[in-house]
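Heads up, the thing below is written out as structure tokens.
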Amino acid sequence: MEIIVIDDNLKITSPLIVALGIAYGDSFIKLFNKSSDGLEYIKNNLTKRLIVVLDIGFGAGEKNGREILSDIREYNKLIPVIVWSAVEIVGDEFLEFINNHELYYEKKTVSYKKIIERIKEAINRTVTFKQKVYSEKEIEHIERKKNPYASFAGRFAAKEAVAKAVGTGVRGFSLRDIEILNDNLGKPVVYLYN
């Protein structure tokens, strides 16, 4: 697991980065001061288990946190993202973060222990998320793959496509009610329940 921190105001010696290094090991913490560099790293490492701590405001010429979160969700809907900011997020901007499946929002005035607690919750929630979205057979099949996170993301996208094709989205049933397995030749087979 890697913790990706995208914040233009932090340094490797900043208290949050030091605290994360102590809690999870320095080699598992990646700090990016440019939002574009952080996004590129995420895009190139989708097969790894990632958790993102994302600032909102960036300098001129850089995408802001809202745009980065939207781009992350284009690549992978399963990566936990903790948005933290010195500014209050309200109204439509807050709704956009929620719609892009931001996991947590914290103001930068919270203690670093709170961010570490949120990361622990994200790790634990990832397991719960898998159990809410995928059947036991799907989890077993995907976890045997060389790149399970890419497979989880692909299977998630396929479930969304099936829900759209049915015409109801995910109203009235859960994504676990759509089970996608493979036949003996590897071809995907969709099973619908409930």
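What to note about this one:
- Region 1-49, residues that are among the aromatic types (Phe, Trp, Tyr) and in contact (Cβ under 8 Å) with a residue 60 or more places away in the chain: Tyr24
Here's the yes/no breakdown for (1) within 30 Å of Ala158 (Cβ to Cβ); (2) surrounded by 15 or more Cβ atoms within 10 Å (Cβ to Cβ); (3) β-branched (Val, Ile, Thr); (4) at pLDDT below 90:
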{"residue": "Phe32", "(1), (2), (3), (4)": "no, yes, no, no"}
{"residue": "Ser36", "(1), (2), (3), (4)": "yes, yes, no, no"}
{"residue": "Asn44", "(1), (2), (3), (4)": "yes, no, no, no"}
{"residue": "Lys48", "(1), (2), (3), (4)": "yes, yes, no, yes"}
{"residue": "Glu62", "(1), (2), (3), (4)": "no, yes, no, no"}
{"residue": "Glu74", "(1), (2), (3), (4)": "yes, no, no, yes"}
{"residue": "Val81", "(1), (2), (3), (4)": "yes, yes, yes, yes"}
{"residue": "Tyr105", "(1), (2), (3), (4)": "yes, yes, no, yes"}
{"residue": "Lys108", "(1), (2), (3), (4)": "no, no, no, yes"}
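- Cross-chain or 6+ apart pairs with Cβ under 7 Å, region 50-74 first and within 24 Å of Ile123 (Cα to Cα), then in a helix (DSSP H, G or I) and among the basic types (Lys, Arg): Ile56/Arg66
- Every residue from region 153-170 that is farther than 18 Å from Tyr193 by Cβ and at pLDDT 80 or above: Gly154, Ala157
- Some residue of region 5-17 being within 16 Å of the chain's Cα centre (by Cα), surrounded by 14 or more Cβ atoms within 10 Å (Cβ to Cβ) and closer than 19 Å to Ile116 by Cα: yes
- Residue, nearest to Glu138 (Cα to Cα), within region 171-194, restricted to residues that are modelled with pLDDT under 85 and open to solvent by less than 80 Å² (accessible area, probe 1.4 Å): Leu175
The values are calculated or read from the model by the stated rules, or taken from the named source; none is laboratory data. Bear in mind the structure is a predicted one, so any value in this text is a computation, not a measurement. Virtual Cβ from ideal backbone geometry, glycine too; neighbours counted across all protein chains shown. Note: areas computed on protein heavy atoms with side chains; ligands, DNA, RNA excluded. Shrake-Rupley method; radii C 1.70, N 1.55, O 1.52, S 1.80 Å.
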